[in-house]
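Colleague: Here it is, the structure, as structure tokens.
The values are calculated or read from the model by the stated rules, or taken from the named source; none is laboratory data. Not measured: the values here are computed from a predicted model. Backbone-built Cβ (ideal geometry, glycine too); neighbour counts: all protein chains shown.
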Amino acid sequence: MLMSLSMLDYFLLLILILAVIAGYHRGLLQTLGGMVSLAAGLVLAALYCNDLVFYLDSKFHLVTVIAEGLEKKIPLPAFYSYPAVGSFIAEPEIFSPLHSQLAHLLLVVVSFVVLYLVISRLTNILWTLLAGVLGWGVLGNLNQMGGALLNLGAKVLGLSIVVGLLIPLVDVGSKLQMKWAITTRAYLDSSILVPSLANFFTLLSQFTGLSL
């Protein structure tokens, strides 16, 4: 089993192990506060990021602006350097929707991240204030073990979000023959853990209504 793990899998496992150690030292209540902040940030960001994208695009036409910038920065696939070959494959205009799709995905990801950071931070501040008012104490070993399990769950949730947001960007980038996207796609395909994280993100998106 260990021999079939990729370097990306080892990196993900290291993150999860460190999460367990950090959660154990932080304890249940403090970790629970982080978990509540994480959940609130993720759920509310998923629910409202598309609304934020619609507002930004209708107000500032950001999708069009970003797509035009991408068309200037990202060259067409290499076979268009040979017109005789490219003409038999597809017209260059076919790639215009890909630039718009990539622009929309980028705006969705940025909107999601901004909303998540703001909401989770505010929730964490409120939780800290509430904990201070109630004067919660230490629960002994249960506090440490609960903190380890909760922090592990939070990291699995966070990693699934990262993978779920990354895959559509990588897919579109690969179609545009962007080197970083092709390299990233190879790492993702070699991983045993990534498909499970992607499936978890699919379940989460169905629950929250997040769509890319």
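Colleague: Being among the hydrophobic types (A, V, I, L, M, F, W, C), in contact with a Ser or Thr (Cβ under 6 Å, 6 or more places away or on another chain), more than 30 Å from G147 (Cβ to Cβ) and at pLDDT 90 or above narrows it down to one of L56, L52, L62, so name that one. Explain how you work it out, then say what you get.
Modeller: Values: L56 fails: in contact with a Ser or Thr (Cβ under 6 Å, 6 or more places away or on another chain); L62 fails: in contact with a Ser or Thr (Cβ under 6 Å, 6 or more places away or on another chain).
After ruling out the rest, the residue left standing is L52.
Colleague: Identify all residues within segment 143-192 that are small (G, A, S) and touching a helix residue (DSSP H, G or I) at 6+ places or on another chain (Cβ under 6 Å); write none if there are none. Reasoning before the result, please.
Modeller: Initially, segment 143-192 is screened for residues small (G, A, S), giving 146-148, 153-154, 158, 160, 164, 173-174, 181, 186, 190-191.
Correct list: G146, G147, A148, A154, S160, G164, G173, S174, A181, S191.
Colleague: Mind listing just one residue for me: the one in segment 185-209 that is surrounded by fewer than 19 Cβ atoms within 10 Å (Cβ to Cβ) and among the polar types (S, T, N, Q) and, of those, nearest to L8 (Cα to Cα)?
Modeller: By that ranking, first place goes to S190.
Colleague: Under 6 Å between Cβ atoms, which residue pairs at least 6 apart in sequence (or on different chains) link something in segment 18-36 that is polar (S, T, N, Q) with a partner that is part of a helix (DSSP H, G or I)?
Modeller: Close Cβ pairs (under 6 Å, with a partner that is part of a helix (DSSP H, G or I)) amount to T31/G23; T31/G147; T31/L150; T31/N151.
Colleague: Restricting attention to segment 1-39, report how many residues are under 28 Å from L115 (Cα atoms), among the polar types (S, T, N, Q) and more than 22 Å from the chain's Cα centre (by Cα).
Modeller: Number of matching residues: 1.
Colleague: For segment 1-33: of the residues being surrounded by fewer than 20 Cβ atoms within 10 Å (Cβ to Cβ) and of a type in the set (V, I, T), which is farthest from S160 (Cα to Cα)?
Modeller: Step by step, filter segment 1-33, then rank; the result is I21.
Colleague: Please pick out the residue among G33, G27, G23, G41 that is out of contact with any Gly (no Cβ under 6 Å at 6 or more places or on another chain), over 14 Å from L157 (Cα atoms) and of a type outside the set (S, T, N, Q). Reasoning before the result, please.
Modeller: Working: G27 fails: out of contact with any Gly (no Cβ under 6 Å at 6 or more places or on another chain); G23 fails: out of contact with any Gly (no Cβ under 6 Å at 6 or more places or on another chain); G41 fails: over 14 Å from L157 (Cα atoms).
Going through G33, G27, G23, G41 in turn, the sole match is G33.
Colleague: Find the helices (runs of 4 or more DSSP H) located wholly in segment 84-197 whose residues include 1 or more that are touching an Asp or Glu at 6+ places or on another chain (Cβ under 6 Å) and either modelled with pLDDT under 90 or of a type outside the set (S, T, Y) (or both), and list them. Let's see the steps before the verdict.
Modeller: On the way: elements: 96-134, 141-175, 179-190.
Where helices (runs of 4 or more DSSP H) fall fully within segment 84-197 and carry at least 1 residues being touching an Asp or Glu at 6+ places or on another chain (Cβ under 6 Å) and either modelled with pLDDT under 90 or of a type outside the set (S, T, Y) (or both), they are 96-134.
Colleague: Could I ask something else about it? Among (1) at pLDDT 90 or above; (2) in contact with a His (Cβ under 7 Å, 6 or more places away or on another chain), there is one condition E71 misses while meeting the rest; what is its number?
Modeller: E71 satisfies every listed condition except (1).
Colleague: If you take the residues of segment 49-72 that are touching a helix residue (DSSP H, G or I) at 6+ places or on another chain (Cβ under 6 Å) and touching a residue at least 60 places away in the same chain (Cβ under 8 Å), which of them is surrounded by the fewest Cβ atoms within 10 Å (Cβ to Cβ)?
Modeller: Step one: of segment 49-72, the residues touching a helix residue (DSSP H, G or I) at 6+ places or on another chain (Cβ under 6 Å) are 49, 52-53, 56-57, 62-63, 66-67, 70-71.
Of the ones still in play, those that are also touching a residue at least 60 places away in the same chain (Cβ under 8 Å) are 49, 52.
Values: C49: 24, L52: 17.
Ranking the qualifying residues of segment 49-72, first place goes to L52.
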